[in-house]
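As structure tokens, the structure follows; a few thoughts come after it.
The values are calculated or read from the model by the stated rules, or taken from the named source; none is laboratory data. Since the structure is predicted, the reported quantities are computational estimates derived from the model, not experimental observations. Quick reminder, even Gly has a Cβ in these numbers, built from the backbone with ideal geometry, and neighbours come from all protein chains shown.
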Amino acid sequence: MKNKVQLIGHVGQVPEIKTVNNKKVANLTIATNDYYYNEKGDKVEQTEWHRVTAWGKPAEIIEKFVTKGKEIAVEGKLTHRSFDDKDGNKRYVTEVLVNEIMLLGK
């Protein structure tokens, strides 16, 4: 099996762009929506937020064309990492490491 993730959603905030070792990196979140009907028959919307990181060319595309609210499609792999925060607490992060991006919508 292969570790592959595809998401289509809207960007949650202005992407954060940095340069690390002369390479662009973009960090952003994407919201995806799903709908279901509850036991009363009411339609319920459920929003999931996904942390996304892109390096190199995809990061450059994000820097030039992606803004808050923009609909995009990304493809990449799911990654997990941990770090110690400023208080010394261990934090865990799950994110999509992007290798392809497609701009959608207007």
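Of all positions in the range 51-60, none carries a residue that is surrounded by fewer than 12 Cβ atoms within 10 Å (Cβ to Cβ), in a loop (DSSP other than H, G, I, E, B) and not aliphatic (A, V, I, L, M). So which residues in the range 15-41 are more than 12 Å from the chain's Cα centre (by Cα), in contact (Cβ under 8 Å) with a residue 12 or more places away in the chain and surrounded by 10 or more Cβ atoms within 10 Å (Cβ to Cβ)? Passing the criteria: ILE17, LYS23, LYS24, VAL25, ASN33. Could you look through the range 67-106, keep only residues that are of a type in the set (S, T, N, Q) and in a loop (DSSP other than H, G, I, E, B), and pick out the one that is farthest from VAL52 (Cα to Cα)? Out of the qualifying residues, it is ASN89. For the range 13-55, which residues satisfy the criterion of being among the small types (Gly, Ala, Ser) and either in contact with a Cys (Cβ under 9 Å, 6 or more places away or on another chain) or at pLDDT 95 or above (or both)? Within the range 13-55, ALA26, ALA31, ALA54 qualify.
Criterion first (charged (D, E, K, R), part of a strand (DSSP E or B) and at negative phi) does GLU63 satisfy it? No: the conditions fail for GLU63. For residues in the range 67-83 being among the β-branched types (Val, Ile, Thr) and surrounded by fewer than 21 Cβ atoms within 10 Å (Cβ to Cβ), which is nearest to LYS24 (Cα to Cα)? Only one residue tops the list, namely THR67.
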